[in-house]
Amino acid sequence: MAVPSDLIVSVSGIRGIVGAGLTAEATARFAAAYGSTVAGKRVILSRDGRPSGEMLRHAVMSGLLGAGCTVEDIGIAPTPTCGFAVRQSNAAGAIQITASHNPAPWNGLKMFGPDGSVLPAGAGQIIRALYETGDFARSAWDGIGSVSVPPDVSADHARAVLDTISVAAVAGQRFRVFLDANAGAGGPLGTRLLADLGCDVIQYGCEPTGQFAHEPEPIPANLTEVAPWVQQHECALGFVLDPDSDRLALIDETGTCVSEEATLALAVKYRLRQQRGPVVVNMSTSRMNEDVATAAGCPFYRSAVGEANVVGLMRDTNAVIGGEGNGGVIDPRIGWVRDPFIGMASILSLMAEEKKPFSQLVAELPKYAMLKTKFTVSRERLPGALAALEARWPDAEINRIDGLRLDGADWWLHVRGSNTEPVVRVIAEAPTAERSEQLCREAGAVVTGG
């Protein structure tokens with residue numbers, strides 16, 4: 001059976017429009033394929049707040065039970081809580097029903113391994129092959145799995161985060177903070193965590209109904225109505241979550257949206273004060289993190305793009321923190337998943353230590369401007385285009401781990417082909433927006449032959 005053309009398959013799961021590419025049949029089949037790789041073992045199941053998640057929950061259960069799995073259904077929960085639950089309960093893996101930051105018509109499955117991290121590419125390819133062939137386990141009547149509802153794990157997740165910081169130091173500042181969960185899965189845990197930190201929490205969309213108040217991706221363009229409320233409520237800062245709560249966006253006390261790239265940089269700055277050690281980010285994440293790590297005298301590494309790739313390199317280097325520039329902080333003390341809750345606690349702890357307005361902490365980070373563009377380029381042309389880029393900037397440091405990354409003295413370019421369409425993504429970062437625009441324009445001319 002071929003994967004439907006409108007069903008997106010990645011190394012860690014599937015995603016599509018509910019009722020079109022993503023149907024109950026396709027969902028149950030993917031769950032059965034996954035269940036075949038952990039047949040007879042315990043699997044955590046959770047979902048974000050999207051209303052379609054209830055239908056898909058039954059489809060996933062059907063696939064897992066048919067493979068003989070014991071399903072522990074933790075209900076609506078953030079993606080990092082799902083990963084945390086796997087580690088805490090020594091489960092064989094997990095499926096989170098979510099479409100992350102995609103619009104409301106979408107949903108999907110994100111799959112986890114026994115260490116609580118999203119599946120790496122190799123494991124994901126095995127499951128896709130099982131889905132396509134249908135050669136997966138089918139239990140007899142007396143071998144079908146079972147379902148249970150374990151004790152609430154969110155309190156343990158919150159406690160694990162709180163154990164990494166000085167709660168008294170944060171609580172002593174009595175911060176008023178704004179939390180926009182946009183009706184996603186992270187509202188209850190985010191509210192609990194911030195209250196435990198002694199914060200006065202102004203809540204917006206903190207009930208996980210899945211009825212989004214604004215577009216779900218937490219980028220400045222989607223927060224124009226929300227951002228002013230931070231200043232209007234006299235908050236020290238605002239936190240914004242995506243629907244499955246693995247990304248953290250920030251709004252300063254003036255109501256100004258802060259680049260998502262700053263989330264990880266601020267968390268890295270605080271973490272390296274606690275413990276010096278290696279830092280890992282992906283190829284397309286801001287150099288702010290490298291500058292912060294270098295200033296602290298710590299090793300710094302870059303992986304290929306993708307959460308599983310970041311986690312793999314974090315393990316290899318014994319990193320103390322890592323993540324991605326989309327607002328994703330990964331702290332191995334909590335789990336191997338992007339976790340906004342450790343991000344919140346770290347940033348509030350940094351504010352408590354520095355006793356400075358949040359906008360000042362952001363202003364003190366290294367200054368860079370990033371631009372993301374894409375150009376239509378055939379797969380056949382891509383190798384020659386990358387070679388031409390190397391020739392265009394012969395003095396740049398070259399990295400071919402993931403497409404091509406060129407590093408200059410104070411700038412970088414990352415050029416990589418799309419896995420799903422004939423385009424090349426070009427990302428540039430430099431001290432000024434004008435320089436980033438110039439780099440993208442020049443790179444685009446090279447790769448398109450213009």
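Answer yes if at least one residue in the range 196-218 is more than 18 Å from THR98 (Cα to Cα) and crowded, with 22+ Cβ neighbours inside 10 Å, and no otherwise. Yes.
Scanning for something out of contact with any strand residue (DSSP E or B) (no Cβ under 6 Å at 6 or more places or on another chain) and among the acidic types (Asp, Glu), does the range 254-275 turn up at least one residue? Yes, the range 254-275 has at least one match. Residues in the range 228-254 that are more than 17 Å from ILE347 (Cβ to Cβ) and not acidic (Asp, Glu): PRO228, TRP229, GLN231, GLN232, HIS233, PRO243.
In the range 1-28, the residues that are modelled with pLDDT of 90 or more and β-branched (Val, Ile, Thr) form Cβ pairs under 8 Å with partners that are outside any loop (DSSP other than H, G, I, E, B) and surrounded by fewer than 19 Cβ atoms within 10 Å (Cβ to Cβ), at six or more places apart or across chains, as follows: VAL18/MET55.
Run down VAL230, VAL240 and say which single residue is of a type in the set (Val, Ile, Thr), under 20 Å from HIS157 (Cα atoms), touching a residue at least 12 places away in the same chain (Cβ under 8 Å) and not assigned by TED's automatic domain parsing to the domain that holds PRO80. Walk me through it before giving the result.
On the way: VAL230 fails: under 20 Å from HIS157 (Cα atoms).
On inspection, the qualifying residue turns out to be VAL240.
Please verify whether LYS372 is assigned to a strand (DSSP E or B) and out of contact with any Leu (no Cβ under 8 Å at 6 or more places or on another chain), treating the condition exactly as stated.
yes
For the range 127-139, check the following and say yes or no: at least one residue is touching a strand residue (DSSP E or B) at 6+ places or on another chain (Cβ under 8 Å), touching a residue at least 40 places away in the same chain (Cβ under 8 Å) and among the aliphatic types (A, V, I, L, M). Within the range 127-139, one or more residues are touching a strand residue (DSSP E or B) at 6+ places or on another chain (Cβ under 8 Å), touching a residue at least 40 places away in the same chain (Cβ under 8 Å) and among the aliphatic types (A, V, I, L, M). The helices (runs of 4 or more DSSP H) located wholly in the range 267-367 that include 1 or more residues which are crowded, with 24+ Cβ neighbours inside 10 Å, at pLDDT below 95 and on the phi < 0 side of the Ramachandran plot occupy 307-317.
Among the residues of the range 364-413, the ones that are under 17 Å from GLU434 (Cα atoms) and within 21 Å of the chain's Cα centre (by Cα) come to 4 in all. Scanning the range 174-181 finds one or more residues that are surrounded by fewer than 17 Cβ atoms within 10 Å (Cβ to Cβ) and assigned to a loop (DSSP other than H, G, I, E, B). Taking the criterion of being of a type in the set (Gly, Ala, Ser) and over 22 Å from LEU250 (Cα atoms), the residues of the range 308-334 that qualify are ALA308, GLY312, ALA319.
Figure legend. Inter-residue proximity from the range 55-78: first residues hydroxyl-bearing (Ser, Thr, Tyr), second residues modelled with pLDDT of 95 or more, beta-carbon distance below 6 Å, spacing 6+ or different chains. Indicated pairs: SER62/ALA28; THR70/ARG42; THR70/GLY145; THR70/SER146. Of all residues in the range 275-329, those satisfying the criterion of being among the small types (Gly, Ala, Ser) and farther than 20 Å from ALA121 by Cα are GLY277, SER286, ALA293, ALA295, ALA296, GLY297, ALA319, GLY325, GLY327.
The values are calculated or read from the model by the stated rules, or taken from the named source; none is laboratory data. If you're wondering where the values come from, they're calculated on a predicted model, not measured in any experiment. A quick note on method: Cβ atoms are made from the backbone with ideal geometry, for glycine too, and the neighbour counts reach across all protein chains shown.
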